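First up is the structure itself, then whatever we jot down about it.
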Amino acid sequence: MENLTNEIVSEEMSEKEMYEQRRIRMEKLAELKAKGKNPYEITKYNVTAVSTKIIENFDEFENKTVSVAGRIMNRRDMGKANFIDVRDEAGKIQVYVRMNDIGEEEFAEFKKWDLGDIVGVEGFVFKTKKGEISIHAQKIVLLAKSLHVIPNQYTGFKDQDMRYRQRYLDLIVNPNVRETFIKRTQIIKEIRNYLDSKGFLEVETPVLHTLEIGAAARPFKTHHNTLDMDMYLRIETELYLKRLIVGGFNKVYEVGRIFRNEGMSVKHNPEFTSIEMYQAFADYHDMMDLIEDLHSTLVKKICGSEKIMYQGTEINMASPWERLTMVEAVKKYAGVDYNDWADDAAARECAKKHGLEVPEGEKATKGHVLIAFFDEYVEEKLIQPTIIYDYPVENSPLAKRKPSNPAFTERFEYFIYAREMGNAFSELNDPIDQKERFAKQVAERRAQGANAEIDEDFITALEYGMVPTGGLGLGLDRLVMLLTDSASIRDVLLFPTMRPL
């Protein structure tokens with residue numbers, strides 16, 4: 001059974017075989033401890049180089065002594081000499097281990113080590129007869145014992161559900177997954193760099209809120225023991241960021257973890273990351289310009305081009321993007337003109353003729369019907385980056401009304417690959433109007449059984465006066481999906497929410 005770890009893929013092993021393999025490895029560990037060679041007692045190892053740097057700069061490293069550390073991912077046994085592949089944080093390098101170099105007793109111990117074990121190797125860099133850059137080991141030490149079988153690196157770890165559940169194993173076996181999360185970090189870094197360069201200040205606001213506000217999203221509820229009060233995990237960062245605008249900060253943003261107790265899909269996870277930004281003395285047109293420039297700058301730095309491929313479709317992120325009002329978009333894609341509806345009844349009748357179900361039923365207004373047409377006919381057509389603006393007041397409780405047409409608000413959303421990627425407003429700064437809209441939201445949520453309340457402190461903040469402000473929020477996870485060509489949001493979350501087995 002000793003060589004079984006070199007051949008069997010853990011996904012294909014029976015439960016009995018996996019148990020047997022763990023038992024064997026536990027026995028090997030016990031034997032090491034009995035000899036006073038417990039690998040877990042090692043507290044430090046001096047790593048002087050990583051695999052890719054050695055390989056990419058062979059002329060610099062040839063014949064020089066280096067120390068590397070990583071997992072044994074493959075072994076080729078030739079009796080008194082072995083070749084092993086060691087994977088570190090950067091990649092993989094071959095190591096040549098010979099009995100005459102490390103000693104007979106040490107070599108005998110080494111031969112008992114398993115795939116997945118973590119080792120430290122000290123040796124000189126050379127090139128084999130076949131031209132493969134390698135390390136000729138002079139010392140090798142076991143730094144940690146792997147008690148489970150590692151999936152074969154060539155056949156891979158393919159069970160998608162288990163890859164999400166055991167991301168640590170996914171990262172060990174599938175190096176391309178590491179690249180997705182490295183790129184995610186780079187994306188966040190570049191967004192921060194961009195906003196910082198524009199004079200925005202990054203801030204942090206509370207995750208725990210004392211109120212369940214009236215917004216449509218459902219919160220997660222918890223309890224604070226010391227204060228003996230229920231609290232709610234935030235569903236947005238907006239209201240606190242606007243308080244900072246009231247307080248005199250002119251440009252603020254937050255990279256914030258958001259929690260919504262709602263459905264799950266390839267586009268939704270109960271916890272996700274948003275980036276919200278607010279700019280004083282600006283409106284939604286300024287936010288349109290900002291989001292176009294941000295994306296253009298970002299994709300050039302991350303992907304090297306303003307044209308990217310996503311799920312087989314070329315997406316051109318270069319400015320200018322198409323900009324349509326919601327009325328124009330519905331007319332273009334559904335052939336229905338909002339301006340032909342004389343009143344709410346006419347709008348509802350139009351919906352019935354098209355077999356369109358409007359959630360508000362007989363209480364639906366023209367705005368509700370327009371939104372329903374957009375959802376049904378338009379969103380799926382918005383593949384290339386498109387800004388849809390001037391939303392009905394019915395679904396825009398935080399946006400400023402258009403002075404020229406109070407039935408609409410100065411709000412836009414932008415769409416890429418038929419997905420809403422971000423949301424922006426000319427922010428409502430009228431405290432009286434805001435309280436009326438909050439009251440309506442709260443009434444609707446309470447009718448659904450929620451314990452919603454108006455955020456009176458936010459209203460008080462507005463009563464002190466908030467300058468005209470443009471605000472924008474984008475979903476980081478969907479953006480990372482786009483720039484890494486990932487089909488599911490779970491592919492870009494290191495530890496997505498999963499139902500326990």
Tell me whether segment 270-282 contains one or more residues that are buried (at least 18 other Cβ atoms within 10 Å of the Cβ), small (Gly, Ala, Ser) and within 17 Å of Arg478 (Cβ to Cβ). yes
Please specify each residue of segment 449-477 satisfying the condition of being part of a loop (DSSP other than H, G, I, E, B), of a type in the set (Asp, Glu) and crowded, with 17+ Cβ neighbours inside 10 Å. Asp455
Identify all residues within segment 39-96 that are modelled with pLDDT of 95 or more, in contact with a Phe, Trp or Tyr (Cβ under 9 Å, 6 or more places away or on another chain) and of a type in the set (S, T, N, Q); write none if there are none. Asn63, Thr65, Ser67, Asn82, Gln94
If a residue must be over 30 Å from Ser296 (Cα atoms), buried (at least 18 other Cβ atoms within 10 Å of the Cβ) and among the aliphatic types (A, V, I, L, M), how many such residues does segment 172-210 contain? 2
Do we find that Tyr417 is surrounded by 15 or more Cβ atoms within 10 Å (Cβ to Cβ) and on the phi > 0 side of the Ramachandran plot in this structure? yes
Scanning segment 39-61 for residues that are surrounded by fewer than 12 Cβ atoms within 10 Å (Cβ to Cβ) and not polar (S, T, N, Q), which turns out nearest to Lys145 (Cα to Cα)? Glu41
Can you name every residue in segment 386-397 that is touching a helix residue (DSSP H, G or I) at 6+ places or on another chain (Cβ under 7 Å) and either closer than 22 Å to Asp289 by Cβ or assigned to a strand (DSSP E or B) (or both)? Ile387, Ile388, Tyr389, Asp390, Tyr391, Pro392
Determine, yes or no, whether Leu483 is at pLDDT 95 or above, touching a Gly at 6+ places or on another chain (Cβ under 9 Å) and not in a loop (DSSP other than H, G, I, E, B). no
State yes or no: is Pro392 under 30 Å from Glu306 (Cα atoms) and of a type outside the set (Ser, Thr, Tyr)? no
Please find, within segment 426-447, the residue that is surrounded by the most Cβ atoms within 10 Å (Cβ to Cβ) out of those that are closer than 30 Å to Asp289 by Cβ and not polar (S, T, N, Q). Glu427
With free of Cβ contacts under 8 Å to residues at least 24 places away in the same chain, closer than 21 Å to Ala144 by Cα and of a type in the set (Gly, Ala, Ser) as the only criterion, which of Gly36, Gly70, Gly79 stands out? Gly36
Filter result (within 26 Å of the chain's Cα centre (by Cα), in contact (Cβ under 8 Å) with a residue 40 or more places away in the chain and not in a strand (DSSP E or B)) within segment 399-432: Tyr417
Got a sec? Which of Arg192, Arg184 is modelled with pLDDT of 95 or more and under 29 Å from Asn74 (Cβ atoms)? Arg184
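Answer with yes or no whether Arg446 is at pLDDT below 95 and part of a helix (DSSP H, G or I).
Criteria met by Arg446.
The values are calculated or read from the model by the stated rules, or taken from the named source; none is laboratory data. Keep in mind it's a predicted model, so treat the numbers as computed, not measured. Positions of Cβ are backbone-derived with ideal geometry, glycine not excepted, and every protein chain shown enters the neighbour counts.
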